[in-house]
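The values are calculated or read from the model by the stated rules, or taken from the named source; none is laboratory data. Keep in mind that this is a model prediction, so the values were computed, not measured. All Cβ positions, even for glycine, are placed from backbone atoms using ideal geometry, and neighbour counts span all protein chains on display. What goes into the accessible areas is simple: the full protein's heavy atoms, side chains included, and nothing from ligands, DNA or RNA. Shrake-Rupley method; radii C 1.70, N 1.55, O 1.52, S 1.80 Å.
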Amino acid sequence: MGVELTHQYTEYRAMEDQEEVEEGVSITDWDLVYHVRDALLSVKTGDRSSYHQLVGVLHHRDRSAPDKVALLLTSLKALSGAVSYINDVDHVSLLQSIFGMSMWNCVPDVMDALLELIICLAASNGKYVDLCLDMLVNNFMPPMESDMLRHPRGQAKKDQVLPRVHTGLEVIVDLVPLAALKLSTNVVQKRPMFFRKDFNMDRLKCRMEIYLKNMLMLEGGAIREFVGHSMLVEVVNMMLELDVAIGWDELLRDDPSKGIFTMELEDEEEEADDDGQANDGELPSTLTLRNLGKNVTADLLDSLMIQFLEHLEVCADKKRLSEVFETLLSSFMATILNTYKSKFSQFTIFYACALDPENCGVKFAQTLVELFISTCNPPVTRMSAVAYLSSYLARGKFLSAAFVMNMLKRLVDWCLRYCEEQDSDMNPKAHQVFYSACQGIMYVLCFHMKSIMNVPTLKSQLLLMPIEPILKHKLGPLEVCLPSIVNEFLKQAKAAHLFTISKAFIFEDLLESDLSRDFGGLERLDMFFPFDPCLLKKCDRGFIRPNFIYWNHVKTTYDDDEEDSSDEDIADDFGVLNEENFMEEGMARSFDQDIDLDEFDYVMNKMSITPKNTSGFHFGGERMPSKIRPSTSPESL
């Protein structure tokens with residue numbers, strides 16, 4: 001290909017196309033090549049007049065005059081034919097002019113001629129490859145001073161420029177395979193940074209969106225074998241960088257009485273959606289960017305994630321989602337998994353799983369289980385893995401109940417082995433991995449117990465699971481795990497007759513727990529449920545919501561009960577911190593007793609993951625905003 005590109009101008013001698021010059025003399029394109037060649041060679045002799053004229057043509061800013069455009073087009077074509085005479089010693093200003101040109105300022109014919117010249121330069125001398133790649137990557141976006149992307153003509157220009165840019169990159173990588181590594185490095189280094197106070201935010205947003213589009217074009221293009229992996233990794237890093245920068249932590253500290261994450265949606269049924277249409281009641285509303293204080297970072301992240309999720313759909317249509325998922329999963333484990341301030345980036349892998357539940361969906365869960373079980377991983381990684389797993393199993397509408405049960409069994413089996421190996425008493429910090437697993441099991445069952453109990457085979461499996469001895473163990477998971485989850489789990493377990501011995505459960509202080517804070521550690525992993533409802537409106541409504549289980553859609557085991565017990569009755573049912581009383585009363589009660597639960601029903605509808613603050617103390621100086629309530633669920637920071 002390179003030989004063809006370099007020598008294609010030998011055919012110009014036979015071309016019949018001629019151009020008329022002012023003197024009326026007809027010259028061929030090949031004559032122009034000779035003229036440009038002489039101008040290049042004359043530099044060595046000290047005659048630079050023709051050379052300066054040539055450089056001046058490339059510097060013309062007025063690209064609207066037809067004669068100027070024709071002269072530029074002719075000069076670029078002639079330079080392509082004389083490319084072997086260009087050197088980086090005598091023709092520095094010429095090279096600077098060529099590599100400084102922007103296709104965004106050119107008409108299509110000039111774009112084609114410029115691209116041809118760039119490819120010829122890369123093929124003629126290896127020292128120009130980096131400069132050619134750099135020039136093409138610079139053309140991912142319009143010039144810095146331009147705001148054309150905010151106008152319709154800019155969108156039309158984009159459709160002209162980008163295909164040509166990527167064609168050029170593909171040809172150069174085909175000619176020089178080692179250029180692929182340089183291209184990946186170049187793209188990563190030139191990625192625009194969002195946090196620039198000296199730049200118009202709307203313009204910067206447009207530039208980041210089009211840069212992401214180019215990265216995804218590389219990932220899905222002809223040279224994806226060489227650059228696809230690095231592009232995907234950088235795209236994830238790009239979104240994660242924006243994700244953790246959304247300053248909601250600071251907002252919570254400023255006004256702890258108004259948690260910006262708090263989902264107060266049970267009263268929104270009568271309110272209109274942001275587009276002015278009433279909520280049809282079929283799908284729950286989510287917090288909008290208006291509720292987030294019109295956060296420009298969240299708005300940008302929303303747009304970038306939409307692009308990426310659309311790209312995943314294209315990959316699925318082309319039967320290459322499994323290939324992409326491998327990279328996405330490795331990137332997730334390397335970055336997102338242990339980034340506890342990540343609130344939205346993880347939904348990229350959630351949606352990939354939704355597109356292919358049988359392969360990607362299964363592999364994601366299995367990977368998380370293996371991460372959790374492996375003692376080679378540090379405790380925080382294992383706790384993060386089980387938090388992601390439980391949140392994923394609870395929220396994925398595309399996961400079958402049978403698969404959820406299989407994953408739960410692995411967690412339960414691990415917890416049972418752990419209990420059998422331990423002879424120590426309750427210690428939230430020493431056994432934090434164990435408590436994380438117990439909380440994950442209960443959390444998943446809060447969402448799926450009813451559906452599991454409705455399938456006879458799955459019901460039998462659940463009843464045979466050794467959950468009771470795990471929860472009865474002297475490590476005391478019911479006392480350490482987050483009270484709101486324990487509370488809801490016990491309520492459903494009672495209604496489902498999941499256990500026959502209620503008095504063995506030692507449970508106290510339903511509304512708050514210092515112990516859960518202890519096992520959660522500084523990262524508050526006791527409150528980490530990464531797949532809580534996505535608060536990015538466009539991303540959620542267009543992609544996540546149809547694949548997502550919301551709390552108000554969950555059928556609980558007590559839904560058909562006419563009466564629910566009160567808080568005090570629940571405490572009585574599941575025991576108190578008094579071993580002597582427990583021994584005296586024995587195993588007197590079972591779940592089939594009729595107890596008044598009116599007051600407790602109100603509390604459980606709220607099911608706040610954050611223990612109610614009766615002492616004025618806030619976790620880590622902040623009020624944790626997560627709640628399980630109608631249309632919502634436990635949400636994490």
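Observations on the model:
- Three-way shape label, segment 394-433, alpha-carbon gyration tensor, a/c 1.5: oblate
- Estimated vicinal HN-Hα couplings, Hz - segment 439-446 in sequence order (Karplus 6.51, -1.76, 1.60; Gly, Pro = x): 5, x, 4, 5, 4, 5, 5, 4
- Euclidean distance between Cα centres, segment 408-487 to segment 145-159, Å: 56
- Cα-based shape type of segment 390-464, given that a ≥ b ≥ c are square roots of the gyration tensor eigenvalues and the cut on a/c is 1.5: prolate
- Charge sum, other residues only, whose C-beta stays under 11 Å from Phe447's C-beta, Lys/Arg counted +1 and Asp/Glu -1: +3
- Most to least accessible of His35, His553 (protein chains only, probe 1.4 Å): His35, His553
- Among 389-395, 317-323, 120-126, the peptide with the highest mean count of other Cβ atoms within 10 Å heads the list, and the full ranking is 389-395, 120-126, 317-323.
- Here the Karplus relation 6.51 cos²θ - 1.76 cosθ + 1.60, evaluated at θ = phi - 60°, turns the backbone of segment 185-193 into coupling constants of 4, 5, 4, 5, 5, 8, 4, x, 8 Hz, with x for every Gly and Pro.
- Shape category assigned to segment 337-477 from the gyration tensor of Cα positions, a/c cut at 1.5: oblate
- Phe548 long-range amide H proximity, modeled H, under 5 Å: Lys397
- Whole-Å distance, taken between Cα centres, linking segment 313-378 and segment 91-127: 41
- Spatially close lysines, pair count over segment 162-232: Cα under 19 Å, gap of eight or more or interchain: 5
- Where His59, His473 fall by accessible area, highest first, once all protein chains stay in place (1.4 Å): His59, His473
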